[in-house]
Amino acid sequence: MTNSMAEVNAGSFRDRDGRVYHFEDRVFRGLSEPALETYRKLTEKPFYKKLVESGKVIGTREISEEENPLPDDLKAQWAGFLEHDPVPVISYPYEWTFSMLKAAASLQLHLVERAISNGFALKDATPYNIQFVNRKPVFIDIPSFEILQEGEPWSGYRQFCEMFLFPLFLQAYKGTNFQPFMRAAINGVDVQAASALFGFRDRFRKGVMSHVWLQSKLDRRYGGSSENVRSSLKSAGFNRELILVNVRKMQKLVKKLEWEATGSEWGDYSEFHNYSDDDHVRKEEFIRNTIVTEQPKTVWDIGCNTGQFSRIAAAECSQVVSTDIDHVAVERLYLNPETPENILPLVQNLADPSPNWGWRNRERTDLQTRSKPDLVLCLALIHHVVITANIPLAEFIDWLAGLTDKLVIEYVSRRDDKVETLLRNKEDKYKDYSRESLEANLKQHFEIRRQLDVNNGDRSLYSCVKRVTVDNTKE
Amino acid sequence: MRIFITVLLMLIFTDAVAYLDPGTGSMLLQVILGGIAAVGVAIKLYWHKLRAWFGMAKKEETEDESA
């Protein structure tokens, strides 16, 4: 057994007391002696057992030396190992919707409240420690739990503000999408940046005066203070009750934050599609048949809108990743009680997708690294890619061929009023946007297995399977 | 109440420096936001500081500062 078979998680380096390893679809975590000791104490606590049983904390067990399949040199680095239940698809806060971030924030606060009430604490407060499994937030970073030191303040408070509260404020109070801010800085929206973003009038919004304005003032004033504030607070009698007061106030504040997901261009699309119900049924049937025939495990629905076709896929496969550029549409998909649990809705712009970034550009990865689709649905999207985002059609099909072996793609003809609208105020430089061009490009990479024409031939669906390439001489 | 504690804390820690240390201000804010539950803590913080100013600090506190 060699080290190369076990892969170290590039994003798990911050805590010196542990490290995450991936091995044959299994997830392990090496722990230092003190972290292992803390973990063992934690597992004895009823509050922790309850959190695991209710699915709020990821299923985890300590494994013995004999059960541990990792290489010996890795085993020697740590006092002990845990195994975690795997998460189907890892996602990041800048891919979540407002309600997903809010749900993650509520979980984080719930865990802090439970921990502090039971003599434990959480050493940090980052949404990267939370993942969505069956559309519910789950906490995955067990060594974040530590024994509470009496007299210590809530150490994750500032991080909670920067990575949960301020992004939620931006969406709820300013109506601006928070995702670009979370993608711009790995540590979120810092206190000074938040203070600059929220003006005088915003200070009268709930929570802004204290958590943004006052925190930024205190931060400027005492940021470089030589005082040991931690020990001053301790000797002045700071205690766990005070943390609980603050956490409970924060819970109330987060609960009240609302963003009304309306007014988007595409959020209402499914209710206003421009083809007949009969065509719609045929389209659904075509997609269902393809998925039943091809039996993919993981389906990506790119440009999913409110997810009507994701739902068809979800009934026939184990995992659907549904992405759309439109925050409103994805938010509706997430909030819809009828959305099946095996759909993971994510906000993603194909022309500006999640990058590889953070430390060594490996800490956070692109979506393709985290999920490999067996089949991709690309419905009523190509005109947006080619005409709106100016991506050449040939490049788009080439990218799809690199992403997936199986593809269902819809062509929307120039006669379709959606395309007419896109071209209305644009110089038509899109000579590559034609049925012939699409079919020719598809045939370079794929074999077209089936075709369905709908809407009087203005729209066509192609079910494609990648050609097996035998020519390796180009390398 | 919040204003009272804020003013109290503003009086205690007076040195302002340009670079940022994560959390000092955020820790103090937790006392301010603690409201009534934090009044005792704020007053004690003030009292310790006052004693230090008048050279009445406890021995271990002086040692801490020299360390």
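The values are calculated or read from the model by the stated rules, or taken from the named source; none is laboratory data. Worth saying up front: this structure is predicted, and the values here are computed from it rather than measured. Cβ coordinates were reconstructed from backbone atoms using ideal geometry, including for glycine residues, and neighbour counts include every protein chain displayed. Heads up: the accessible areas ignore ligands, DNA and RNA and are worked out on the full protein's heavy atoms, side chains in. Shrake-Rupley method; radii C 1.70, N 1.55, O 1.52, S 1.80 Å.
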Subset of the stretch A:1-57 (residues that are among the small types (Gly, Ala, Ser) and not in a strand (DSSP E or B)):
A:Ser4, A:Ala6, A:Ala10, A:Gly11, A:Ser12, A:Ser32, A:Ala35, A:Ser54, A:Gly55
Could you please find all residues in the stretch A:142-184 being farther than 30 Å from A:Phe81 by Cβ, open to solvent by 10 Å² or more (accessible area, probe 1.4 Å) and more than 14 Å from chain B (Cβ to nearest Cβ)?
A:Ala172, A:Tyr173, A:Lys174, A:Gly175, A:Thr176, A:Asn177, A:Gln179, A:Pro180, A:Phe181, A:Arg183, A:Ala184
When the stretch A:184-222 is checked residue by residue, the ones that are within 20 Å of the chain's Cα centre (by Cα) and over 17 Å from A:Ala125 (Cα atoms) are A:Ala184
Taking the stretch A:198-216 and keeping only residues that are touching a Leu at 6+ places or on another chain (Cβ under 7 Å) and part of a helix (DSSP H, G or I), one is left with A:Ser210, A:His211, A:Leu214, A:Gln215
When the stretch A:212-238 is examined, which residues are found to be open to solvent by 20 Å² or more (accessible area, probe 1.4 Å) and more than 8 Å from chain B (Cβ to nearest Cβ)?
A:Trp213, A:Lys234
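Could you say which residue among A:Leu422, A:Leu400, A:Leu438 is outside any loop (DSSP other than H, G, I, E, B), closer than 21 Å to A:Cys304 by Cβ and out of contact with any helix residue (DSSP H, G or I) (no Cβ under 7 Å at 6 or more places or on another chain)?
Answer to the selection: A:Leu400.
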Just a yes or no: is a residue in the stretch A:428-440 of a type in the set (Ser, Thr, Tyr), free of Cβ contacts under 8 Å to residues at least 60 places away in the same chain and over 16 Å from A:Ile391 (Cβ atoms)?
no
Mind checking which residues of the stretch A:149-179 are of a type in the set (A, V, I, L, M, F, W, C) and either at pLDDT below 95 or not in a loop (DSSP other than H, G, I, E, B) (or both)?
A:Trp154, A:Phe160, A:Cys161, A:Met163, A:Phe164, A:Leu165, A:Phe166, A:Leu168, A:Phe169, A:Leu170, A:Ala172
Every residue in the stretch A:317-340 that is open to solvent by 10 Å² or more (accessible area, probe 1.4 Å) and within 16 Å of A:Leu407 (Cβ to Cβ), please.
A:Cys317
Hey, A:Arg29 of a type in the set (Lys, Arg) and in contact with a Leu (Cβ under 8 Å, 6 or more places away or on another chain) or not:
yes
Quick check, is A:Ser91 of a type in the set (Gly, Ala, Ser) and either more than 30 Å from A:Ile325 (Cα to Cα) or open to solvent by 70 Å² or more (accessible area, probe 1.4 Å) (or both)?
no
